[in-house]
Structure formats: structure tokens, C-alpha cells
Amino acid sequence: MELLPLVCLCLLSCSGDGSVVVTVEEGSDAMLPCSINTKENIEKLTFDWKKGRQEVFFYQSGKHYNNGGRTGQDKQFEGRVFHFEDELKHGNASIKITRTQLTDSGNYACTFPPDRNPSSVTLHVGAAPKPFITILAETKDWVLLQCEAHGDPLPTLEWKDSDDNTLPADTPQISVRGGRSYITVNVTVTKADRYRCVATQEKFSHQIGSQIYVLLNGAASEPSVTTIKTDGVTVLQCVVKGASPKPKVEWKDSSGNILPVKDLKETERGDSYDIVLQTTLTKTDNFRCVVTQEEINHQIYAEIDLNINGLSAGAIAGFVVLSLLLVVAIVGGVGGGLYIKHLKKENREKYEEKREPQTEPDSSTSLKESS
Ligand SMILES: *[C@@H]1O[C@H](CO)[C@@H](O)[C@H](O)[C@H]1NC(C)=O
């Protein structure tokens, strides 16, 4: 989870009393809107943001807390609140609170003295981020999935299949790690499908989900790719679980060259295989762990972008399934999504799809993210 970007999710909506509600994840930035009705230039005017008695941001003719022009800002907000300089001429006195904390939640008032009514904004910090899905165990006939989420208040979790039926899941478990509470719900699924885990916080009317594609009958699902750093050497690791027949697993660079094997562990469980393949990171590139089961004409891969200096590059797994047996590729127009339909030997129809995360609140959960 180390490289997860903090997603700012600002849900603007109006509550019953006409004030604005802003809901964000803890640690992300929050924009609190405020504009003067007349849209007049307010560069030479004064406006004041308060949370109860706490001074959040005070602006007077170009002077404010961030340029040493004013003092008195509440400690809680020091160095975290910014206005939008270029917007002032349009009467826009909105502010941004960065790196939000749970204690930032509450009611804010934006005032233009002396005689205008304050406008109010309710900030909720603690929206649940996208839940994480992990495969806990896998056989030819079933897969045990785990969904984990956090947020304040803790969300409720539901597992759904692609027809939107709620699945009977295990009792939710609550655990605490690093001072934060997590909720997990496990489910065992026995058919190939797309499964979604949906986190709901009724208090915020907030809902967010992740999804995973389950392939059964031994076809390998998307491998999980990670990096491990030992003695200054970075190792790329690819994990394949519960594949049958035994797959060939390879690390490739962006030119398609197969990278040397540093370590290969194969474990047989029943008649399926778990495989852990490692290679040493020697350059900045986009790497791909490719899993091939020739007997059933199935290939799947996960990708990771890595920077040899600092390893800071974002790492997100790609997810494409290629089936060479009977391939009907339908490149659909839905959000630029790519659909590959393929028929397996039992004539069972399955599908895989790749979507851009932005096209809907749900987006493909990469196993990379979950590990
Ligand atoms: C005020 O400025 C912010 C930041 O540029 C912008 O997101 C927001 O839409 C603006 N509000 C109005 C009413 O123009």
C-alpha cells in the first residue's frame, strides 16, 4: 500500500439547510467554496474563514497568514490553508485545506465584513477510500476473497456479483493497525465472475467500491507484483496462486526481453500451483510479469513502473487477458473500455474487461494495490 496516491475526493452537495457539504478522505485536500454574490473583485477587500472560534484563514487587501501579513491563525491550520490568488478578481474566496485531519471536520463560516451574511460549509474528513481486495486462498473450484476498508466512521462492506446480487459473506472483522481501524469481510465464490466490494458510509451518503475478476478452473488470475528491497538491491516479485495447469511465469521489460531469474519457487497444492518468481531490478522501466498456460491458451499479466533511483514511480498493475483459443474481441465504446470475450473449453462464457479508473466510482482493483 506504500505508493498509493492520496486521492482527493471532493463530493460537493447541498444539505437541507442550504449549506455546502464537502467530504474528503483523511490526508487528502479539501476545497471549501465561498464566493461573493456580486462576483466583484475582492483583492482589496477582507474575508475571514472561521471554524467556530478558530481562525482558519484571514485575508485583507493582499495580506494573509501565509505571507506574514497577518498573525493569529489557529495552530491546527498553520501552513495547511491556501486561498486562490487568481480567483479573487472573480469574487472567489474559496480556500483549500491540505493534508486534512479528522479533527478538521466541522462547520466553517466564510464572512465578508462588515454587512454580508456568512456562507457556511460543512467539512467531513474520513470518507472511505477505495477498498482493497485480496485473494486469501484459491483452488480450482473456489476462491476466498477478502475486502478491507477504513474510514471514519468505519464503512459497512458488501460483496456483490456482476448482477448486483449481494453475496452471503462472513461476519465483518474489525482490527486496528497503526492506530487506525480497518474492517474486513471475506467471501468464498465458486463461479467465474466479476465481484465488487462496496464500502458505504451512510453518514456522508458516501459509497465507493473496488472490483476483481475471478477466473476458475485453474486459469491463472492476475498475478500480484511487488518490490522487495534487501541490502540495497531491489527485487521484483511476481506471485501467481492456484493456477492449473502449471503456468510459465516470466518477467519482461518494456521491450519484451525476458529478465534473468533470481529466484523461482513452485509449490504444488492439490493439482494447482503457486509460483513466486523474482528478478533483480537493474534499470528504470515498465516491467511485466507474464503468466502463460499454453494447454488452455490462457495468458495474463500485471505491470509495474519502476524508477531505479528512489523507486518513486507509480506502480499500477495493468490487467489484460489474452485467450488464443476462441477469441472474440469487442472493443467497446463504454468509457474507452476494452472488452475481450473468450470461450473456454467447457463452452462457458467468461469475460474480462479493462476500464479506466475514472469512468465510474468502481475501478479494477489491481492485486498490486492490495498486497
Ligand atoms: C473558485 O476557485 C476554485 C479554485 O480555482 C475553483 O475550483 C472554484 O470552482 C471557484 N469557484 C467559483 C464559484 O468560481
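The values are calculated or read from the model by the stated rules, or taken from the named source; none is laboratory data. Nothing here was measured: the structure is a model prediction, and the numbers come from that model. We place every Cβ from the backbone using ideal geometry, glycine too, and count neighbours over all the protein chains shown. Please note that ligands, DNA and RNA were not included when accessible areas were found on the heavy atoms of the full protein model with its side chains. Shrake-Rupley method; radii C 1.70, N 1.55, O 1.52, S 1.80 Å.
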Being hydrophobic (A, V, I, L, M, F, W, C), surrounded by 20 or more Cβ atoms within 10 Å (Cβ to Cβ) and touching a Ser or Thr at 6+ places or on another chain (Cβ under 8 Å) is the requirement here; does Leu236 meet it? yes
Top-ranked residue in region 116-137 [being over 18 Å from Val22 (Cα atoms) and polar (S, T, N, Q); ranked as least open to solvent (accessible area, probe 1.4 Å)]: Thr134
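Give region 250-283 a look and list any residue that's farther than 18 Å from Lys140 by Cβ and touching an Asp or Glu at 6+ places or on another chain (Cβ under 9 Å), or say none.
Step one: list which residues in region 250-283 are farther than 18 Å from Lys140 by Cβ, which gives 250-265, 276-283.
The answer is Asp253, Ser254, Ser255, Ile258, Leu259, Val261, Lys265, Val276, Leu277, Gln278, Thr279, Lys283.
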Filter region 94-108 for residues that are surrounded by 18 or more Cβ atoms within 10 Å (Cβ to Cβ), touching a residue at least 24 places away in the same chain (Cβ under 8 Å) and more than 10 Å from the ligand (Cβ to nearest atom) and give the result. Ile97, Thr100, Asp104, Tyr108
Matching option when the condition is at pLDDT below 95, open to solvent by less than 70 Å² (accessible area, probe 1.4 Å) and on the phi > 0 side of the Ramachandran plot, among Ser19, Ser61: Ser61
Return the residues of region 14-67 that are in contact with a Pro (Cβ under 8 Å, 6 or more places away or on another chain) and away from the ligand (no atom under 15 Å from the Cβ); say none if nothing qualifies. Glu25, Thr46, Asp48
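Would you check which residues across region 94-119 are of a type in the set (Gly, Ala, Ser), assigned to a strand (DSSP E or B) and under 17 Å from Val24 (Cα atoms) and list them?
Result: Gly106, single match.
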With (1) on the phi < 0 side of the Ramachandran plot; (2) in a loop (DSSP other than H, G, I, E, B); (3) at pLDDT 95 or above as the list, and Met31 as the residue in question, which single condition is left unmet? (2)
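Condition first: outside any loop (DSSP other than H, G, I, E, B), more than 16 Å from the ligand (Cβ to nearest atom) and open to solvent by 60 Å² or more (accessible area, probe 1.4 Å). Now tell me which residues in region 68-93 satisfy that.
Once the filter is applied, which keeps residues that are outside any loop (DSSP other than H, G, I, E, B), more than 16 Å from the ligand (Cβ to nearest atom) and open to solvent by 60 Å² or more (accessible area, probe 1.4 Å), region 68-93 yields only Lys75.
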Could you check, for region 202-212, whether at least one of its residues is more than 30 Å from Glu295 (Cα to Cα), in contact with a His (Cβ under 9 Å, 6 or more places away or on another chain) and open to solvent by 80 Å² or more (accessible area, probe 1.4 Å)? yes
Selection status of Leu281, modelled with pLDDT under 80 and not charged (D, E, K, R): no
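For every residue, the table says whether it meets (1) closer than 30 Å to Gln60 by Cα; (2) over 23 Å from the mean Cα position of the chain (by Cα).
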| residue | (1), (2) |
| --- | --- |
| Val125 | yes, no |
| Gln146 | no, no |
| Glu158 | no, no |
| Ser162 | no, no |
| Asp170 | no, yes |
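Yes/no matrix, rows are residues, columns are (1) surrounded by fewer than 15 Cβ atoms within 10 Å (Cβ to Cβ); (2) out of contact with any Cys (no Cβ under 7 Å at 6 or more places or on another chain); (3) of a type in the set (A, V, I, L, M):
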site	(1), (2), (3)
Glu222	no, yes, no
Thr227	no, yes, no
Ala243	no, yes, yes
Ser255	yes, yes, no
Asp263	yes, yes, no
Gly270	yes, yes, no
Tyr273	no, yes, no
When region 161-201 is checked residue by residue, the ones that are open to solvent by less than 40 Å² (accessible area, probe 1.4 Å) and among the hydrophobic types (A, V, I, L, M, F, W, C) are Leu167, Ile183, Val185, Val187, Val189, Ala192, Cys197, Val198, Ala199
Restricting attention to region 125-132, does a residue exist that is farther than 22 Å from Ile212 by Cα and assigned to a strand (DSSP E or B)? yes
